[in-house]
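Here is the structure we will look at, set down as structure tokens.
The values are calculated or read from the model by the stated rules, or taken from the named source; none is laboratory data. Keep in mind that this is a model prediction, so the values were computed, not measured. No Cβ is skipped: glycine too gets one built from the backbone with ideal geometry, and neighbour counts run over all protein chains shown. For the accessible areas, the whole protein counts, side chains as well, though only heavy atoms, and no ligand, DNA or RNA atoms are used. Shrake-Rupley method; radii C 1.70, N 1.55, O 1.52, S 1.80 Å.
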Amino acid sequence: MSYNIQLFRTETKEKEQHANDESFFDREDNLIPFEQQQIEDLKERLIRYKYQLVREDDSGLHFNHPDEDFGSVLLSERGLYFRAGLSESSIFEVGMTASEFTDTGEFAKYDPQQEGWEEF
């Protein structure tokens, strides 16, 4: 079991909020793709946060962190997916990290367990 937090482009958030569709996230084509520069910037930022690239496959770039409280990350063409352990410290660290990634205004944080977007 794990706790998942997702980052998408803000346009995806807007699209989801207007869709009134409970299965919105089930269809990948609903998720607005990242621009190539955004992918590069996210990858570099993950590395600055000490995430280590462990593999690349058809689903995207997979990262692990030496401190397991920071979980693992998948960077795909359409989303940044954080996976935390179920400990309070892991959920906190991953949640804070994901929130920090929204500071440019380009991305929005979605917590599927809470079924909602982070509001500031």
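Per-structure values
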{"quantity": "Those lysines that a straight Cα-Cα span of less than 29 Å connects to Lys50, excepting residues fewer than 8 apart in one chain", "calculated": "Lys13, Lys109"}
{"quantity": "Long-range amide H partners of Phe107 with built H, under 5 Å", "calculated": "Thr10"}
{"quantity": "Stretchable slack from His18 to Met96, in nm (0.36 nm times residue separation minus alpha-carbon distance)", "calculated": "25.4 nm"}
{"quantity": "Neighbour-limited loop hits for trypsin sites (Lys or Arg not before Pro), the range 27-120 (at most 12 other Cβ within 10 Å; DSSP other than H, G, I, E, B)", "calculated": "Arg27, Lys50"}
{"quantity": "With every protein chain in place, the chain: carbon and sulfur % of accessible area (1.4 Å)", "calculated": "45"}
{"quantity": "In the range 1-72, the GluC sites (Glu not before Pro) that fall in loop regions by DSSP, at most 15 other Cβ within 10 Å", "calculated": "Glu22, Glu35"}
{"quantity": "Rg over Rh [alpha-carbon atoms, Kirkwood Rh] for the range 32-117", "calculated": "0.93"}
{"quantity": "Distance between modelled label sites at Tyr49 and Glu35, nm, 7 Å Cα→Cβ extension", "calculated": "2.1"}
{"quantity": "Label point distance in nm, Asp69-Asp57, each placed 7 Å from Cα along Cα→Cβ", "calculated": "3.0"}
